[in-house]
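The values are calculated or read from the model by the stated rules, or taken from the named source; none is laboratory data. Remember, predicted model here, so these are calculated numbers, not experimental data. FYI the Cβ positions are ideal-geometry reconstructions off the backbone, even for glycines, and counts take in every protein chain you see.
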Ligand code: HEM
């Protein structure tokens, strides 16, 4: 953003102006100017002068903002105390432990399934359903066991798959190393806890007829179907998801997989890491990759391992398998943060719009999520050396002047209406570009300047809810990460579609999931 921030803003204005047949910015309602450019600031002064229906809306936003800032500051203190506690209790694991080490089978366990019927598939689904029913249903900002269990089971299957490389092993073989910090969080659902039985124990009923590798994929599919049920119960018109009819068996369990260690993508690597694991590794297109990433609607990030914090959606939504991930990504404003884990340099994104309310749980995104839609600069940077700076990267964002990633409301009316209570950036009041009503630049208060004000007001509601020590001038266009109206992320068009039309995402997801989970070096067969 630091490259051409003001030019970008002017370009944005110019676009609006030219689409309305004008070419100059009217002096009508611009309260602050620099060398002739309007550097609009939205404040109480604007409330006083905006003699239309938006004045009340701005006042509400400002009050809401103050209230939420106080709330966030209080909760930050509580979170900090919790983080110190976690650090004291964290130990380092040096042992290599693979899933097969934790399975005990009464009969002779099979490494490859010889035959499988749909009844076998359904039995695994029933076993997962029983675990689901045993989980605590409490779900709020302090925790959500159902969401975390569901997220863990699906993430286990995906971590198993993401180490696939043509001609060099890996893939869907139920093998990963629990001692790798990226996999450490997966131990709870695999080995079980005091609160629920683990996949390893559930598998003992199937171990003499089904490979662990096939079992893990069915378990993940069962969990996504179960968590989809809650969505369908709330709204019967939403699309069903059918994994069962496309499932294929025959994966071979690997008891050891030393050669595939370190292949799990690093979130800080952004779209470069995603490219090497999902695009080059699994052979997915960027749109399929974006579809697969929608699973992040389930579960949470754990501060302990690998060191990020929050959920991609609200706590309640994080136990429902829907397009909430995309809705959250585009209908919220996001700010870069680092140092959440004490002095560690992990960086991520936190919600900074009027909806950033910890009563629903801390909402977060990783670089690898954000880069699918947003970009650091206003135009694509082709130079490979600049890749990490150019692609959205929370660690270097501040240095680039990129402090808030948000987008324009006009592209997301279907998503707002169908999936977000008609809210944008956490508020039912939003500020789209005004249509040309024929008044021209000399009308009421001047259309271009009115649109300038709209743009600044929208930035205010999308970018201002931050901890007290990270306050910014949200009225300044140079804080934007790229142009809000021109997202340049790797899969921006697909993300827009998935946010607005969940049924399109479901179809793309099934396709991508099918490709990913059949990445194995074994021959697969259809169930009968
Ligand atoms: C570049 C690709 C990806 C990166 C960098 C990434 C990164 C992460 C990270 C850091 C976590 C937090 C883990 C923890 O705190 O224990 C996580 C969780 C999760 N990931 Fe991903 N992920 C990627 C792709 C995927 C894909 C393709 C899927 C599924 C199709 C997936 C499913 C999940 C799920 C369900 C969770 C929640 C886990 C839980 O609640 O315990 N991820 N991911």
Q.
Condition (residue is within 16 Å of the ligand (Cβ to nearest atom), under 16 Å from residue 519 (Cβ atoms), assigned to a helix (DSSP H, G or I) and modelled with pLDDT of 90 or more) applied to the stretch 242-250: is it met by at least one residue?
A. yes
**Q.** Residue that is surrounded by the most Cβ atoms within 10 Å (Cβ to Cβ), among those in the stretch 507-528 that are in contact with a helix residue (DSSP H, G or I) (Cβ under 7 Å, 6 or more places away or on another chain) and within 14 Å of residue 218 (Cβ to Cβ)
**A.** 517
Q.
Taking the criterion of being under 19 Å from the mean Cα position of the chain (by Cα) and closer than 15 Å to residue 219 by Cα, would at least one residue in the stretch 131-138 satisfy it?
A. no
**Q.** Subset tally (residues that are farther than 21 Å from residue 359 by Cα and outside any loop (DSSP other than H, G, I, E, B)) for the stretch 132-148
**A.** 3
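Take the stretch 149-175 and flag every residue that is within 10 Å of the ligand (Cβ to nearest atom) and in a loop (DSSP other than H, G, I, E, B).
Residues of the stretch 149-175 within 10 Å of the ligand (Cβ to nearest atom): 149-159, 161-162.
Residue satisfying the conditions is 162 alone.
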Q | When residues of the stretch 258-284 are limited to those that are at pLDDT 90 or above and part of a loop (DSSP other than H, G, I, E, B), the one nearest to the ligand (Cβ to nearest atom) | A | 265
Q. When you look at residue 146, is it within 16 Å of the ligand (Cβ to nearest atom) and modelled with pLDDT of 95 or more, yes or no?
A. yes
**Q.** Elements of type helices (runs of 4 or more DSSP H) in the stretch 446-528, at least 2 residues being outside the structural domain of residue 374 (by TED's automatic domain parsing) and within 16 Å of the ligand (Cβ to nearest atom)
**A.** 502-517
Q: Return the residue satisfying two criteria in turn: it lies in the stretch 285-329 and is near the ligand (Cβ under 10 Å from one of its atoms), at pLDDT 95 or above and in a loop (DSSP other than H, G, I, E, B), and of such residues it is nearest to residue 493 (Cα to Cα).
A: 312
Q. So residue 348 fits all but one of (1) within 13 Å of the ligand (Cβ to nearest atom); (2) outside any strand (DSSP E or B); what number is the exception?
A. (2)
Q: Only helices (runs of 4 or more DSSP H) wholly contained in the stretch 380-443 count here; list those with 2 or more residues that are over 30 Å from residue 231 (Cβ atoms) and at pLDDT below 90.
A: 387-390, 394-397
